[in-house]
Amino acid sequence: MTENPLAKTPIVMTIAGSDSGGGAGIAADLKTFAAFGVHGTCAITSVTAQNTRGVLETFDLAPGAVASQIEAVCSDMKIEWAKTGMLASAEIVKEVAKQVKKHGLSLVIDPVIAAEAGGDLLRKEALSVLIEELLPLCKVTTPNASEAGILAGIPVKTFEDAKLAARKIADLGVEAVIVTGGHLDASDLIYEPASDTFTRISGTFVSGGTHGSGCTYSAAMTACLAREDSLETSAKKAKDFVVQAIQRSMPVGRGVGPVNPLGKTLEDKERYLALEDVKEAVLILADSPEFAKLIPELGCNIGMAIPGARNYEDVAAVEGGIVRYRGRTKPVGCVDFGVSRHVAGVILAAFREKPEIRAAINLKYSEEILAACRDLGLGISSFDRVKEPERARTMDWGSSETIKEYGGVPGVIYDEGGVGKEPMVRLLGTGASELAKLAVELSRKIE
Ligand SMILES: Cc1ncc(COP(=O)(O)O)c(N)n1
């Protein structure tokens, strides 16, 4: 029998609190583990009543309940790497230290002390236990600047402060200290006492929700280390991962928005689906000889945007477009993102008004084609290029104007051209292959 290739998937664990708002704690950790393709398990230390505006109440579990979760998992699965987040009380910290030793876990510690939006997550008396009993057991700890300052007992405001704090924390017996972001220039600082080396992973500040960013960073480190990446490679991957998760934060709640660790994974899937749909559309068009007569002089294109598209890069189309060559339909290049301005401009304008409209195709203009569109029951609207302001992008401007005037998104947007500008008809729809079928149907109505 052949072995299941997924049998080698690393299994990791997070020992942390739950955040009812779904932004930080085990929610962030498990999403991050999933994004890195490792199997995540969890032992909950505390249940927090929390949202984007802060922590309202915490309900710490009995240390025995934490131990029991770790036992249940470690007695059944092979866990090498684990991380800790919110540990709540001195008793829980002590119990976790016992379990880490018992199961020989390689540990990443995110020394969670308070929530970004407000609220203590570690009792005052637990801090010294964390420093004396748990930190010496870990392979890596990932404090932010303020946590590093608290652990080292010095204020951390500059890069030099961060270096000093990292040395002090390493003196507790930690194999590697990574002071993350927050200080001066958004870069991370790795300190490895064995070689007495500092490595700087540079970065820039990005805008977006950051609630859960520390959890996400340490979970990403844990996943990469479990996948046997080196410390430095893991730190680079974890940083890149947090940056894109912040950029994809969804505006939920009225406080600090949560990071979105699965945003890119879902976006990649949508990119794949959009590419496949445009490819299918191209096959439909190329297989229909009648369609060639609808291709404008300058060629046509068919595009499809991913949900939430922000710019041209988020719209798939045919590179170089689709042309008429010896009476046949010929796609010039391959289907890719960011290769069409024309249909992408139409789609982005329509999409802002009606998010389910994600596809467009441009066709030749003629009275007969418009009449056939009308016969098919499509809503039709137009814009006049003469009214176009200087320096406007025609498709963005024209489509937006038409949509405003029509009071919604029509099925057809046309213009009658201008000096040196070919008149054009564009069909809009929810998907590229559906639109290709419609275009073929239209071509069959034309002489
Ligand atoms: C359960 C739990 N764990 C960790 C954090 C820290 O995350 P942040 O500092 O981003 O609020 C949190 N708020 N809640």
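Would you point out which residue out of ASP415, ASP375 is over 36 Å from the mean Cα position of the chain (by Cα), at pLDDT 90 or above and open to solvent by less than 40 Å² (accessible area, probe 1.4 Å)?
ASP415
Answer yes or no: is there a residue in segment 367-384 that is in contact (Cβ under 8 Å) with a residue 60 or more places away in the chain and of a type in the set (Phe, Trp, Tyr).
no
Quick check: is even one residue across segment 22-36 part of a strand (DSSP E or B) and under 16 Å from LEU262 (Cβ atoms)?
Restricting attention to segment 22-36, the residues satisfying the condition of being part of a strand (DSSP E or B) are none.
For segment 22-36, residues part of a strand (DSSP E or B) and under 16 Å from LEU262 (Cβ atoms): absent.
Does segment 245-266 hold any residues that are under 9 Å from the mean Cα position of the chain (by Cα) and either in contact (Cβ under 8 Å) with a residue 60 or more places away in the chain or surrounded by 17 or more Cβ atoms within 10 Å (Cβ to Cβ) (or both), and which are they?
So in segment 245-266, the residues under 9 Å from the mean Cα position of the chain (by Cα) come out as 245-249, 259-266.
Scanning segment 245-266 gives ALA245, ILE246, ARG248, SER249, VAL259, ASN260, PRO261, LEU262, GLY263, LYS264, THR265.
Looking only at segment 304-320, filter to residues that are in a loop (DSSP other than H, G, I, E, B) and open to solvent by less than 30 Å² (accessible area, probe 1.4 Å); which one of those is farthest from CYS334 (Cα to Cα)? Walk me through it before giving the result.
Within segment 304-320, the first condition is being in a loop (DSSP other than H, G, I, E, B), and the residues that meet it are 306-311, 319-320.
In the following step, the residues that additionally are open to solvent by less than 30 Å² (accessible area, probe 1.4 Å) were identified as 306, 309.
Numbers: ILE306: 18, ALA309: 20 Å.
Filtering segment 304-320 for residues that are in a loop (DSSP other than H, G, I, E, B) and open to solvent by less than 30 Å² (accessible area, probe 1.4 Å), the one farthest from CYS334 (Cα to Cα) comes out as ALA309.
For segment 85-134, enumerate the residues that are acidic (Asp, Glu), touching a residue at least 60 places away in the same chain (Cβ under 8 Å) and open to solvent by 10 Å² or more (accessible area, probe 1.4 Å). Working first, answer last.
Of the residues in segment 85-134, the ones acidic (Asp, Glu) are 91, 95, 110, 116, 120, 125, 132-133.
Filter once more, so that each one left must be touching a residue at least 60 places away in the same chain (Cβ under 8 Å): 110, 116, 120.
Matches in segment 85-134: GLU116, ASP120.
Could you run through segment 39-66 and say how many residues are open to solvent by 10 Å² or more (accessible area, probe 1.4 Å) and either outside any strand (DSSP E or B) or not assigned by TED's automatic domain parsing to the domain that holds ALA235 (or both)?
7
Could you please give the count of residues in segment 418-445 that are open to solvent by 10 Å² or more (accessible area, probe 1.4 Å), within 37 Å of the chain's Cα centre (by Cα) and basic (Lys, Arg)?
Residues meeting the conditions: 1.
Answer yes or no as to whether VAL93 is under 22 Å from ASP240 (Cα atoms) and assigned by TED's automatic domain parsing to the domain that holds SER18.
On the way: under 22 Å from ASP240 (Cα atoms): no; assigned by TED's automatic domain parsing to the domain that holds SER18: yes.
No, not satisfied.
Against the condition more than 17 Å from SER89 (Cβ to Cβ), within 13 Å of the ligand (Cβ to nearest atom) and either among the aromatic types (Phe, Trp, Tyr) or open to solvent by less than 30 Å² (accessible area, probe 1.4 Å) (or both), how does GLY23 come out, does it pass? Even if it seems obvious, please write down each step before you answer.
Values: more than 17 Å from SER89 (Cβ to Cβ): yes; within 13 Å of the ligand (Cβ to nearest atom): yes; either among the aromatic types (Phe, Trp, Tyr) or open to solvent by less than 30 Å² (accessible area, probe 1.4 Å) (or both): yes.
So GLY23 passes the test.
The values are calculated or read from the model by the stated rules, or taken from the named source; none is laboratory data. Everything numeric in this text was worked out from a predicted model, so none of it was measured. Reconstructed Cβ throughout: ideal geometry from the backbone, glycine too, with neighbour counts over all protein chains shown. All accessible areas refer to the heavy atoms of the entire protein, side chains included, with ligands and DNA or RNA removed. Shrake-Rupley method; radii C 1.70, N 1.55, O 1.52, S 1.80 Å.
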